[in-house]
Amino acid sequence: AQSVTQLGSHVSVSEGALVLLRCNYSSSVPPYLFWYVQYPNQGLQLLLKYTTGATLVKGINGFEAEFKKSETSFHLTKPSAHMSDAAEYFCAVSYAGNNRKLIWGLGTSLAVNP
Amino acid sequence: EAGVTQFPSHSVIEKGQTVTLRCDPISGHDNLYWYRRVMGKEIKFLLHFVKESKQDESGMPNNRFLAERTGGTYSTLKVQPAELEDSGVYFCASSPDWETQYFGPGTRLLVL
């Protein structure tokens, strides 16, 4: 069965430090890959996505992610954390033969310490 | 352009009652999806409409859940009768192209 694993349900970084949120998926077919963010008391907002083409994708707010097929990974990074990055981050995948419904990881709650 | 809207934002009901959630997609988006997140678990797919037709309802938990999409515009998700395990956040998303889904703010449902 297709699944998404996010390592670490809670990640804490210092302001200015590197943010690395991990996402791995299991699938034998090429997926579309997404990162969504949920700020406190808000809905889900698309951060970035990979569909085809360049494997390094840039998103909003300075985030980027790299699709590594050999590792079945799509880790999210940001060079320097800001206090406003504190939120819950979700990795999700979709497949052409699956009506493009999203399959989600459990989410990672990011805390940024001053 | 207005985003996806959901109503109500919160609902607290007692077990056995009926609740209807509404989703208004972005204008022109033929695809509409419902998802649910139960506390402590991952967000899960419920169903997918293309215009007014149900394309995939494989994620609907049971027959207490009924979804409709009137005229291919807004959608409602009715839970009747509600059970304790139905508590969670219900998200609606719309998409123009089966590629990117745009989400509403969610409805937080608490069944007591």
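The values are calculated or read from the model by the stated rules, or taken from the named source; none is laboratory data. Quantities reported herein were computed from a predicted structural model and do not represent experimental measurements. Heads up, the Cβs are rebuilt from the backbone with ideal geometry, glycines too, and the neighbour counts pull from every protein chain shown. Ligands, DNA and RNA are excluded from the accessible area calculation, which covers all protein heavy atoms including side chains. Shrake-Rupley method; radii C 1.70, N 1.55, O 1.52, S 1.80 Å.
Before moving on, here are some points about what is shown:
- Annotation for the range B:60-67: no member residue is open to solvent by 30 Å² or more (accessible area, probe 1.4 Å), on the phi < 0 side of the Ramachandran plot, at pLDDT below 95 and within 12 Å of chain A (Cβ to nearest Cβ).
- Residue list for the range B:21-53, restricted to those being open to solvent by 70 Å² or more (accessible area, probe 1.4 Å) and away from chain A (no Cβ under 13 Å): B:22, B:27, B:51, B:52
- Applying the set (1) part of a strand (DSSP E or B); (2) within 20 Å of residue B:44 (Cα to Cα); (3) touching an Asp or Glu at 6+ places or on another chain (Cβ under 6 Å) to residue A:91 leaves exactly one unmet item: (3).
- Condition met for residue A:41 (surrounded by fewer than 14 Cβ atoms within 10 Å (Cβ to Cβ) and not in a loop (DSSP other than H, G, I, E, B)): no
- Selection status of residue A:76, out of contact with any Asp or Glu (no Cβ under 6 Å at 6 or more places or on another chain) and surrounded by fewer than 14 Cβ atoms within 10 Å (Cβ to Cβ): no
- Filtered by the rule that a residue be over 10 Å from the mean Cα position of the chain (by Cα) and surrounded by 14 or more Cβ atoms within 10 Å (Cβ to Cβ), the range A:44-57 gives A:44, A:45, A:50, A:51, A:57.
- Residues (without any contact (Cβ under 8 Å) to a residue 24 or more places away in the chain and either in a strand (DSSP E or B) or of a type in the set (Lys, Arg) (or both)) located in the range B:61-100: B:64, B:65, B:66, B:68
- Unmet requirement for residue B:75, which otherwise passes all of (1) small (Gly, Ala, Ser); (2) open to solvent by less than 70 Å² (accessible area, probe 1.4 Å); (3) within 14 Å of chain A (Cβ to nearest Cβ): (3)
- Looking across the range A:1-14, the residues that are surrounded by 14 or more Cβ atoms within 10 Å (Cβ to Cβ) and either closer than 17 Å to residue A:81 by Cβ or more than 16 Å from the chain's Cα centre (by Cα) (or both) come down to A:2, A:11, A:13.
- Looking across the range A:5-37, the residues that are within 10 Å of chain B (Cβ to nearest Cβ) and at pLDDT below 95 come down to A:9, A:32.
- Of the listed requirements (1) away from chain A (no Cβ under 14 Å); (2) of a type in the set (Gly, Ala, Ser); (3) closer than 19 Å to residue B:95 by Cα; (4) crowded, with 16+ Cβ neighbours inside 10 Å, residue B:11 misses just one: (3).
- Test for residue B:87: is it away from chain A (no Cβ under 11 Å), closer than 22 Å to residue A:43 by Cβ and open to solvent by less than 50 Å² (accessible area, probe 1.4 Å): yes
- Of the residues making up the range A:58-71, not a single one is under 11 Å from the mean Cα position of the chain (by Cα), over 21 Å from residue A:1 (Cβ atoms) and β-branched (Val, Ile, Thr).
- If the condition is being in contact with a Pro (Cβ under 9 Å, 6 or more places away or on another chain) and more than 20 Å from residue B:40 (Cα to Cα), then the range A:18-44 contributes A:18, A:19.
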